[in-house]
Amino acid sequence: MRKLPPGHCLKFGSSGLEIGRWYDLATKRAPTIADADAARQGLRERLDAAVKARLVSDVPVGVFLSSGIDSALVAASVAAQGARLKTFTVGFNGAGAYYEERPAAAVVARHLGAEHTEIGVDESRIGEVLDRVFVALDEPFADASAVPTFLVSEATRRKVTVVLTGDGADEVFGGYRRYWSELHAARWNRVPAP
């Protein structure tokens, strides 16, 4: 087994396997944005179009809702398009406020009029599901979020078949405090040493 390189696809046909590049970030750079309002509008239109395309389904659709901006944007787009909004959030019982996403997610869900489900996880369950999490992963994954994501997926499946997420967009939209900290640290690192 081999993993495809980023931006590549594999085709199988009469001539055998063919691996080719379908996307090259270096050639796809966005032009410089001169009009911030037009850029905001364009971003919103693209986000809404992407969400709308994924709402076409013969089965119930839900949204994983964390305390980040990414999933809140996806949930808001679903609600704005008139779809019945079902949101799902996972949290660790007894976790400190910094790691607990359920209260902030509940505020967003209420604001959007969502049918909201919270899944609480006790530390004791982590060990019991760890083997199942490892089996479900396609490759090594060094992020502890795999456990709560597995548990919320398992609970969500009882109510919906398809789930939209905002995975990966918090880095772009600065959705968590740690990204703001990294931005400030990067600026500070540009200051020459005395």
Next on the checklist: To make sure I understand the rule: partners must be aspartates and glutamates, Cα under 18 Å from the Cα of Lys86, and not fewer than 8 residues away in the same chain. Which ones qualify?
Outcome noted: Asp48, Asp58, Asp70, Glu101, Glu115, Glu118, Glu154, Asp167
Checklist entry - When all protein chains stay in place, what accessible area (Å², nearest 10, 1.4 Å probe) is found for Phe141? => result 110 Å²
Checklist outcome for this item: Per-residue accessible area, 1.4 Å probe, largest first, puts Arg54, Arg132 in the order Arg54, Arg132
Item to check | Built amide H within the under 5 Å cut-off of Ile119, gap 5+ | outcome: Thr89, Val90, Gly91
Checklist outcome for this item: For region 75-83, Karplus-derived ³J(HN,Hα) couplings (6.51, -1.76, 1.60; θ = phi - 60°; whole Hz; x for glycine and proline) come out as 4, 5, 5, 4, 4, 5, 8, x, 6
Checklist entry - Tell me, what ³J(HN,Hα) does each residue in region 135-146 have, in order and in whole Hz, if you take phi through Karplus 6.51 cos²θ - 1.76 cosθ + 1.60 with θ = phi - 60° and put x for Gly and Pro? => result 5, 6, 6, 7, 7, x, 9, 9, 10, 5, 5, 4
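Once you charge only the Cβ atoms, +1 for Lys and Arg and -1 for Asp and Glu, what is the size of the charge dipole of region 1-128 about its Cα centre, to the nearest 20 debye?
Numbers: 16 positive and 15 negative charges, 113 e Å.
With Lys and Arg at +1 and Asp and Glu at -1, about 540 debye.
Under a Cβ-Cβ cut-off of 14 Å, what is the net charge of the residues other than His116 that fall near it, where Lys and Arg count +1 and Asp and Glu count -1?
Numbers: positive: Arg84, Lys86, Arg102, Arg110, Lys159; negative: Glu101, Glu115, Glu118.
Once positives and negatives cancel, what remains is +2.
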Item to check | Taking the convex hull of Cα positions in the chain, its mean projected area over all directions (nm²) | outcome: 17.2 nm²
Checklist entry - Whole-Hz Karplus ³J(HN,Hα) for region 105-115, in order, using 6.51 cos²θ - 1.76 cosθ + 1.60 and θ = phi - 60°, x for Gly and Pro? => result 5, 5, 4, 5, 4, 4, 4, 8, x, 7, 7
Checklist entry - For the chain, what % of the accessible area comes from carbon and sulfur atoms, probe 1.4 Å? => result 57 percent
Checklist outcome for this item: Placing +1 on each Lys and Arg Cβ and -1 on each Asp and Glu Cβ in the chain, then taking the dipole about the Cα centre, the residue among Ala104, Tyr23, Val135 whose Cα reaches farthest towards the positive end is Tyr23
Checklist entry - Which aspartates and glutamates does Lys3 reach when only Cα atoms under 20 Å apart count, and residues fewer than 8 places away in its own chain are ignored? => result Glu18, Asp24, Asp138, Glu139, Asp143
Next on the checklist: Under 5 Å between amide hydrogens, which residues at least 5 positions from Val63 or on another chain qualify, with H placed 1.01 Å from N in the peptide plane?
Outcome noted: Lys86, Thr87, Phe88, Leu164
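The values are calculated or read from the model by the stated rules, or taken from the named source; none is laboratory data. Predicted model only: the values in this text are computed from it and were never measured. For neighbour counting, all protein chains shown are included, and Cβ atoms are generated from backbone atoms with ideal geometry for every residue, glycine included. What goes into the accessible areas is simple: the full protein's heavy atoms, side chains included, and nothing from ligands, DNA or RNA. Shrake-Rupley method; radii C 1.70, N 1.55, O 1.52, S 1.80 Å.
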